[in-house]
């Protein structure tokens, strides 16, 4: 069953979001990072961001979570306000 | 640019989540609902759910938002605690 790591940030300007995206697109994922899917959401007006990373298994979640938790705060979009773990209960496209 | 509607719910038991998923999988989307992608997340322990619907355009978001807002509360997973609109700033698979 897939698991999702959902992290919310505040104080994320449009410039900072653009910069992060350029870095992610041009760089490699951290060493040993498990297969995953990332969706980065941004509310430019409220300067809030929600970053959802979906892992295929709970073991992958655990490994990814450890790597992300060890990341220097300067590598995140803004101030982290919450981090939560969810089951991916459903995915659908219409 | 794609937009995401993120709704959080509380009081969502595993049974209720399973029931919702069966309904969604077996049913049709509401009439006139724009093309979209849904990710339903569930924290069974905290009985919390986060439902993310991604629309391809802001017009699609608007139409989808109106339809979802008009839905009877009994068709939602639990008590809605927040609804927020985000730009989809980045998507990545590794």
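FYI, it's all coordinate maths here, none of it is from the lab. Values in this document were obtained by computation on a predicted structure and should not be read as measured data. Methodologically, a virtual Cβ is constructed for each residue, glycine included, from the backbone with ideal geometry; neighbour enumeration extends over all protein chains shown.
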Requested in this report: Run the quick spin-label model on residue A:21 and residue A:63: label points 7 Å from Cα toward the beta carbon, then report their separation in nm to one decimal.
Outcome: 2.9 nm
Query raised in the report: Could the peptides A:2-9, B:21-28, B:84-91 be put in order, highest first, of the mean number of other beta-carbon atoms found within 10 Å of their residues?
Result: A:2-9, B:84-91, B:21-28
Report task. Return the distance in nm (one decimal) between the two label points of a simple spin-label model at residue B:28 and residue A:31, each offset 7 Å from Cα along Cα→Cβ. Result -> 5.5 nm
Report task. Just tell me how shielded B:44-52 is by partners: mean number of partner chain Cβ atoms within 10 Å of each residue's Cβ, no decimals. Result -> 3
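Counting only helical runs of four or more DSSP H residues, what would the 222 nm mean residue ellipticity of chain B come to if each run contributes -39,500 (n - 2.57) and the total is spread over all its residues?
Details: 2 runs with 25 residues, N = 94.
The per-residue figure over chain B is -8500 deg cm²/dmol.
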Report task. Rounded to the nearest 10 degrees, what's the angle between the helix B:58-69 long axis and the longest principal axis of chain B, both from Cα atoms, 0 to 90? Result -> 20 degrees
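If packing is taken as the average number of other Cβ atoms within 10 Å across a peptide's residues, how do A:48-57, B:52-61, A:31-40 rank, most packed first? Display every interim value, and only then the final one.
Details: A:48-57: 21.3, B:52-61: 18.2, A:31-40: 16.2.
Answer by packing, highest mean first, reads A:48-57, B:52-61, A:31-40.
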Report summary line: For the pair residue A:94 and residue A:71, the simple spin-label estimate (label points 7 Å beyond Cα toward Cβ) gives in nm 3.3 nm
**Report entry** Inter-copy spacing of residue B:75 label points, which lie 7 Å from Cα along Cα→Cβ, given in nm from shortest upward
**Finding:** 4.4
Report task. Return an integer: the convex hull volume of the alpha-carbon atoms of the protein assembly as shown, in Å³ per residue. Result -> 119 Å³
Report summary line: Cα-Cα pairs in chain B separated by more than 23 Å, as a whole percent of all pairs, come to 24 percent
Query raised in the report: If we hang a label 7 Å off Cα along the beta carbon direction at residue A:33, how far is it from the matching labels on the other copies, in nm, shortest first?
Result: 3.2
